Ligand code: NI
């Protein structure tokens, strides 16, 4: 049997709403999880780039772990980030509104209002404590991905009317895709 081509990192299937695993609170990673993180992070990055997307949280690939990957840079100069146990430790009173989408709600977009700037504490791949401050796209992306770790989706920030409209449209789109 020929060996499979191993030139590219394996990608993982992304869960779509209404998969219940997207609604669970993910568990923090601990000292014993180094191997899990090192195995999962490259696959999550490969999955995110292939989608393509700018952020992916572990619950979106069915892993209930507080692990996020993101890269908001243009494709020509990738800057992959891996955030272990990220948490928002400060946020601005000022808010900003921008259009968001989500790999778990393919094809659906809406304006979401969030704090304009956030400070996030996390561990990097080596286990070192780090902090990052984000504004604009990075701020929204950090908040969106950290939301995923608590089972929160961008549509939860919308009115019930708007949310239900998007969820109905998503269900319809996914159904018509299945029919091919
Ligand atoms: Ni998302």
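The values are calculated or read from the model by the stated rules, or taken from the named source; none is laboratory data. Since the model is a prediction, treat every value here as computed from it, not as a measurement. Cβ placement follows ideal geometry from the backbone for every residue including glycine, while neighbour counts extend to all protein chains displayed.
Listing for the model above:
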| read-out | value |
| --- | --- |
| Residue in region 149-156 that is at positive phi, touching a residue at least 60 places away in the same chain (Cβ under 8 Å) and within 16 Å of the ligand (Cβ to nearest atom) present | yes |
| The one condition in (1) at pLDDT 95 or above; (2) in a loop (DSSP other than H, G, I, E, B) that residue 148 fails to fulfil | (2) |
| Within region 22-32, tally of residues that are modelled with pLDDT of 95 or more and either part of a helix (DSSP H, G or I) or in contact with a helix residue (DSSP H, G or I) (Cβ under 7 Å, 6 or more places away or on another chain) (or both) | 5 |
| Verdict on residue 46 being outside any loop (DSSP other than H, G, I, E, B), out of contact with any strand residue (DSSP E or B) (no Cβ under 8 Å at 6 or more places or on another chain) and modelled with pLDDT of 95 or more | yes |
| Single condition residue 89 does not satisfy, out of (1) in contact (Cβ under 8 Å) with a residue 60 or more places away in the chain; (2) more than 13 Å from the ligand (Cβ to nearest atom) | (1) |
| Subset of region 86-96 [surrounded by fewer than 19 Cβ atoms within 10 Å (Cβ to Cβ) and either touching a helix residue (DSSP H, G or I) at 6+ places or on another chain (Cβ under 8 Å) or in a strand (DSSP E or B) (or both)] | 87, 88, 89, 90, 91, 95, 96 |
| Qualifying residues in region 45-80 (those that are away from the ligand (no atom under 15 Å from the Cβ) and free of Cβ contacts under 8 Å to residues at least 24 places away in the same chain) - the one surrounded by the fewest Cβ atoms within 10 Å (Cβ to Cβ) | 76 |
| Qualifying residue in region 112-133 (condition: within 12 Å of the ligand (Cβ to nearest atom), touching a residue at least 40 places away in the same chain (Cβ under 8 Å) and touching a helix residue (DSSP H, G or I) at 6+ places or on another chain (Cβ under 9 Å)) | yes |
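Residues checked against (1) over 12 Å from the mean Cα position of the chain (by Cα); (2) more than 15 Å from residue 22 (Cβ to Cβ); (3) assigned to a strand (DSSP E or B):
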position: 74; (1), (2), (3): yes, yes, no
position: 98; (1), (2), (3): yes, yes, yes
position: 103; (1), (2), (3): no, no, no
position: 113; (1), (2), (3): yes, yes, yes
position: 140; (1), (2), (3): no, yes, no
position: 173; (1), (2), (3): yes, yes, no
position: 177; (1), (2), (3): yes, yes, no
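Conditions tested, residue by residue: (1) surrounded by 14 or more Cβ atoms within 10 Å (Cβ to Cβ); (2) closer than 19 Å to residue 57 by Cβ.
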site: 115; (1), (2): yes, yes
site: 125; (1), (2): yes, yes
site: 140; (1), (2): yes, yes
site: 146; (1), (2): yes, yes
site: 152; (1), (2): yes, yes
site: 156; (1), (2): no, yes
site: 159; (1), (2): no, no
